[in-house]
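Below: the structure, in structure tokens.
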Amino acid sequence: MPSKKTNNQSALRVQEGIAQPPQLNEELLKVPVKKKPLQEAGYYISGILDGNRTILSQAITLVESALPAHQVVAQKIIEGCMTHSGNSVRVGITGVPGVGKSTFIEAFGMHVIDRGHKVAVLAIDPSSQRSKGSILGDKTRMEELSVKNEAYIRPSPSAGSLGGVARKTRETIVLCEAAGFGVIIIETVGVGQSETAVHSMTDFFLLLMLAGAGDELQGIKRGIMEMADALIINKADGDNITKAQQASVQYQNALHLFPPPPSGWAPRTGTCSALSGIGIAEVWDLVLEYLELTRSNGYFRQNRNSQAISLMMESLNEQLFSSFFSNPDVEKEYQKIRESVGTNSYSPYSGALHLMQVYLKSVRQGD
Ligand code: GDP
């Protein structure tokens, strides 16, 4: 029978350690944290135009804020920066998690800086929550680039609807361009709708892929391959080089089957190793070649213009929708009409027409 151990014979007994000082300086907790007072838009605009990164960050925080007072200032800042923006090349980068996007952006960004440019890296990840650490744009993932004076890395605006997150990113592009960043990289995970959003705000769209993983495995839809201006197989190093080159040829053949894009540019494939830096310069050369072609054939301008017009239409849609549904007269009538349409006592078209008449009448009376 095991003998009963006394307390201080137990292996689990707690040793008294050496007293440690508290890890937090309690005194500091008593100092009230000063909130940065909201400044006039002009303060942010001139700071941004001077290339002041702290002020740029503050302005982006206002763009991302949901507070109406912040939004008022943010819209003025965007207006003020608008005429100083647009002189950049906007590169969208997508690919499944693990394909090497951040490793690629680090190497690519460093190369582009070596060629004399300033680079801003933004991200669109509607699932990210900044408080929990954003998946994309996390500074620790681009250690070398993030400490460069010529680079600015901003994590994805925190979780929200894709439309909301995309809008904030578009507005952030304007501010970064006004601050002198000539190359804007926008990263997104290649698993959902966000690629389309990134494509709609960039000039050049790059799809990173891996050799040997079937398209299904990589979650890449045909539609996304069709949007790509370049399809680059990453991790072409070690034993993987031949496989990567074969994959590149296969994709090049597959791309021939797609209808020619309106840019007049024939999408290219290639290989690179983001880790060793091999092939990175060639990707930048592709971007330059693309720019030369699309600037000379007029597509670059035309595409930017149609992107701006679709953005305006999207925004108009949203505003009309929100004005319609926040109208008190519509609100009163809406449930009734909804039920009537649901029980077939009213046709859907007449229901919509009736609600529209209620709305227009209410708006006219409010004038
Ligand atoms: P992301 O999720 O797409 O941003 O991918 P990461 O950049 O975080 O890379 C995922 C993993 O792949 C990391 O362990 C990287 O070190 C590795 N990786 C990235 N690029 C390369 C490459 O070119 N070659 C090799 N061998 N590994 C790479």
Fill in: Residues of segment 327-366: accessible area per residue with a 1.4 Å probe, Å²
75
Practice prompt. Quick one: plug the Kirkwood hydrodynamic radius of segment 85-297 (C-alpha pairs) into Stokes-Einstein at 37 °C, 0.692 mPa s, and report D in µm²/s.
Written response: 191
Fill in: Entries in Lys168/Lys221; Lys221/Lys336; Lys118/Lys243; Lys148/Lys243; Lys36/Lys332; Lys168/Lys336 that, when Cα-Cα distance is taken, lie over 31 Å
Lys221/Lys336; Lys118/Lys243; Lys148/Lys243; Lys36/Lys332; Lys168/Lys336
Worksheet item: According to the square roots a ≥ b ≥ c of the eigenvalues of the Cα gyration tensor, what is the shape class of segment 327-366, taking rounded for a/c under 1.5, prolate for a/b larger than b/c otherwise, and oblate for the remainder?
Response: oblate
Worksheet entry | Options Thr294, Pro261, Ala281, ranked by Cα towards positive dipole end of segment 217-314, top entry (Cβ charges) | Pro261
Worksheet item: If amide H atoms are built 1.01 Å from N in the plane of the peptide, which residues on other chains or at least 5 residues away come under 5 Å of the amide H of Met209?
Response: Ile232, Ile233, Asn234
Worksheet entry | Segments 222-235, 165-178 sorted - mean Cβ within 10 Å per residue, highest first | 165-178, 222-235
Worksheet item: In whole Å, what is the distance between the alpha-carbon centres of segment 81-123 and segment 261-326?
Response: 13
Item to complete: Let me know the shape class of segment 176-332, please: from the alpha-carbon gyration tensor, a ≥ b ≥ c as square roots of the eigenvalues, rounded when a/c is under 1.5, otherwise prolate if a/b is greater than b/c, or oblate.
Response: prolate
Worksheet entry | Thr61-Leu320 FRET efficiency (beta carbon distance; Förster radius 35 Å; 0.05 resolution) | 0.75
Item to complete: Amide H neighbours of Val121 under 5 Å, at least 5 residues apart or on other chains, H built in the peptide plane: list them.
Response: Tyr152, Ile153, Arg154, Ile185
Worksheet item: Any idea what log10 I(q)/I(0) is at q = 0.32 Å⁻¹ for segment 37-84, Debye with uniform C-alpha scatterers and no solvent?
Response: -1.33
Worksheet item: Order of 82-93, 301-312, 244-255 by packing, highest average Cβ count within 10 Å first?
Response: 82-93, 244-255, 301-312
Discussion item. Counting only other residues whose beta carbon sits under 14 Å from that of Gly264, what net charge do I get with K and R as +1, D and E as -1?
Written reply: -1
Worksheet item: Mind listing the phi-derived Karplus ³J(HN,Hα) values for segment 83-100, rounded to whole Hz, using 6.51, -1.76 and 1.60 with θ = phi - 60°, and x for any glycine or proline?
Response: 5, 9, 10, x, 8, 10, 10, 10, 10, x, 10, 9, x, 5, x, x, 5, x
Worksheet item: Among 354-361, 201-208, how do they line up from the highest to the lowest mean number of other beta-carbon atoms within 10 Å?
Response: 201-208, 354-361
Item to complete: Note the full-extension length gain between Lys148 and Asn253 as 0.36 nm times their separation in residues minus their Cα-Cα distance, in nm to one decimal.
Response: 33.9 nm
Practice prompt. Hey, can you grab everything whose amide H is under 5 Å from the amide H of Ile278? Only 5+ residues off in sequence or another chain; H modelled, so Pro and N-termini drop out.
Written response: Ser273
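The values are calculated or read from the model by the stated rules, or taken from the named source; none is laboratory data. Owing to the predicted nature of the structure, the values given are computational and were not obtained by experimental measurement. Backbone-built Cβ (ideal geometry, glycine too); neighbour counts: all protein chains shown. Calculation scope for accessible area: heavy atoms of the full protein, side chains included, ligands and nucleic acids excluded. Shrake-Rupley method; radii C 1.70, N 1.55, O 1.52, S 1.80 Å.
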